[in-house]
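Step one of this worksheet: look at the structure below.
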Amino acid sequence: MAQYGVVSVSVVIPTLHEECLLPATIASVRQHAVEVLVVDGGSTDRTRERAAAAGARVLESPRGRGPQLDRGAQEAQGDWIVFLHADTRLEAGWCAAILGLGEGVVGGAFRFALDTARPGRRYAEWAVALRCRVLGLPFGDQAIFCRREAYGAAGGFPPEPLFEDLTFLRRLRRLGPTVLLAPRATTSARRWERDGVLVTTLRNNALLLLFLAGVSPRRLAAFYEVSAST
């Protein structure tokens, strides 16, 4: 565990049945985070036990990524807060990249990478990079981060079933500049391998466009669950 001068970073990880992938996620950030907060939404496996064994502080919250992220943010003590998905690992240099940011930057995210050797990986990573470049809207699997004081000023994560990450990020961007940092956030390819890289990428972008057009996250969440199960 390390602090860089008087500046420190907290990492918040929402979980639900993530006993297998969570230890590697915690290990990727534990050395440089002043604290790792795992906020569990009611797991019935060994998620909480493995989180504690890996050195995280375990909290409980009503199920839902938005409420779980908000619970962790309210408890976080670091000057910066990183919101990390339980199946995503951060590349070496992530903490130094955050702490090297200028005072005007309020937050941002990391480059997206997919944890698979399949050829479709390159297409998925290219599509995400294009979205970030054109729209400036990284998803939560890119480890969104912000200054702790900016979190409250932006209104925090809403209790929405989908796109709580983009809702928060759009609010955050009103406070000041956000950046996309070079270290990679490498995410499990399980969703892409289940439904296929092309289908998953097209579905994600279609949902994004509908969200930007004003369709409610609750309606989109219902569509996502149906399309992901067919």
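Values quoted throughout were computed directly from the atomic coordinates according to the rules given, and no laboratory measurement underlies them. In this text the structure is predicted, and so the values were computed from the model without any measurement. Don't worry about glycine lacking a Cβ; one is built from the backbone with ideal geometry, like all the others, and counts go over all protein chains shown.
Descriptive notes on the structure:
- From LEU181, LEU209, LEU175, LEU198, residue being free of Cβ contacts under 8 Å to residues at least 24 places away in the same chain and either farther than 21 Å from LEU69 by Cα or not in a helix (DSSP H, G or I) (or both): LEU209
- Applying the criterion of at least 2 residues that are aromatic (Phe, Trp, Tyr) to the strands (runs of 3 or more DSSP E) found wholly in the stretch 74-165 leaves 80-83, 107-115.
- From the list ALA221, ALA185, the one residue that fits, being among the small types (Gly, Ala, Ser), closer than 16 Å to PRO138 by Cβ, under 18 Å from the mean Cα position of the chain (by Cα) and surrounded by 14 or more Cβ atoms within 10 Å (Cβ to Cβ), is ALA185.
- Residue within the stretch 156-164 that is within 14 Å of the chain's Cα centre (by Cα), more than 19 Å from LEU21 (Cα to Cα) and without any contact (Cβ under 8 Å) to a residue 60 or more places away in the chain present: yes
- Residues located in the stretch 134-176, provided they are touching a Ser or Thr at 6+ places or on another chain (Cβ under 8 Å) and among the basic types (Lys, Arg): ARG148
- Scope the stretch 172-182; condition of a type outside the set (A, V, I, L, M, F, W, C) and surrounded by fewer than 17 Cβ atoms within 10 Å (Cβ to Cβ); matching residues: ARG173, ARG174, GLY176, PRO177
- Residues that are out of contact with any strand residue (DSSP E or B) (no Cβ under 8 Å at 6 or more places or on another chain) and farther than 21 Å from LEU130 by Cβ were ranked within the stretch 188-216; the one that is surrounded by the fewest Cβ atoms within 10 Å (Cβ to Cβ) is GLY214.
- Extreme residue, surrounded by the most Cβ atoms within 10 Å (Cβ to Cβ), among residues of the stretch 40-98 that are of a type in the set (Val, Ile, Thr) and over 23 Å from CYS20 (Cα atoms): ILE98
- Residues satisfying the stated conditions in the stretch 41-89, i.e. free of Cβ contacts under 8 Å to residues at least 60 places away in the same chain, out of contact with any Gly (no Cβ under 9 Å at 6 or more places or on another chain) and polar (S, T, N, Q): SER43, THR44, THR47
- For LEU101, the test of being without any contact (Cβ under 8 Å) to a residue 40 or more places away in the chain and over 17 Å from the mean Cα position of the chain (by Cα) is failed.
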